[in-house]
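Quick notes on the structure that follows.
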Amino acid sequence: MSILKVARLGHPIIRKTASPVASEEIQSYEFQKLIDAMVETMKEYDGVGLAAPQIYVSKQIAVIEVNKNARYPNAPHIPLTVLINPRIVSRASRSEDGWEGCLSIPDLRGIVPRCQSLLCEALDRSGNSVRIEAKDFFARVIQHECDHLEGKVYLDRMPNLLSLTHLAEFAKYWE
Ligand code: NI
């Protein structure tokens, strides 16, 4: 097991655009260990997604999974998904508001408008091209993680900060 430290907002790596991963690198032992460590770190901190810049690696890698999550008890199940060099190639015009949090912005939640569905192209952890059609919460998490790879966080996507809520107050008033 290796649980990695999570970079918080304010560390410059969170605002940096991540570099694409070379396809030859994907099969390497070190790269596969990095993916494993990202998955373990996401689970340890009850995240539903984690992008490599959040663990101080400025590369285009994100992991996503929702499986009985304590921080998101009402979120639908999402199988473990590894996205390398992801591109959102089409987005529905319809957008939906929903609550988001981020392991790099601890203890806060805010309402963020996101496209309701999308098509994402990426490489999986074996280096195969995958096309993922996602909607609702899954589409939201993909957009959140792809933003991290461009140095953006969910606060940047909020039309204003009026819904920004401390997690303890969220549980009391909004859940
Ligand atoms: Ni995040």
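What the table shows:
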| quantity | calculated |
| --- | --- |
| Residue list for region 137-164, restricted to those being farther than 16 Å from ILE64 by Cα, of a type in the set (Asp, Glu) and either buried (at least 19 other Cβ atoms within 10 Å of the Cβ) or in contact with a Ser or Thr (Cβ under 8 Å, 6 or more places away or on another chain) (or both) | GLU150 |
| Close pairs (6 angstrom Cβ cut-off, 6 or more residues apart or separate chains): at pLDDT 95 or above in region 47-66, part of a helix (DSSP H, G or I) and among the charged types (D, E, K, R) anywhere | GLY49/GLU145; ALA51/GLU145; ALA62/GLU145 |
| Residue match in region 33-49 (condition: out of contact with any Leu (no Cβ under 6 Å at 6 or more places or on another chain) and closer than 19 Å to ILE88 by Cα) | yes |
| Pair list, Cβ < 6 Å and 6+ apart or interchain, from region 90-106 residues that are within 11 Å of LEU167 (Cβ to Cβ) to residues that are within 14 Å of the ligand (Cβ to nearest atom) and not aliphatic (A, V, I, L, M) | TRP99/ARG109; GLY101/ARG109 |
| Failed condition for ILE3, given (1) among the β-branched types (Val, Ile, Thr); (2) in a helix (DSSP H, G or I); (3) out of contact with any strand residue (DSSP E or B) (no Cβ under 6 Å at 6 or more places or on another chain) | (2) |
| Selected residue [of a type in the set (Lys, Arg), free of Cβ contacts under 8 Å to residues at least 40 places away in the same chain and within 16 Å of the ligand (Cβ to nearest atom)] from LYS43, LYS33 | LYS43 |
| Search result, residues across region 91-136 that are hydrophobic (A, V, I, L, M, F, W, C) and buried (at least 20 other Cβ atoms within 10 Å of the Cβ) | CYS102, LEU103, VAL112, LEU118, CYS120, ALA122, LEU123, ALA134 |
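The values are calculated or read from the model by the stated rules, or taken from the named source; none is laboratory data. The model shown is predicted, which means the values in this text are computed figures rather than measured ones. In this analysis, Cβ positions are derived from the backbone assuming ideal geometry, glycine residues included, and neighbour counts consider all displayed protein chains.
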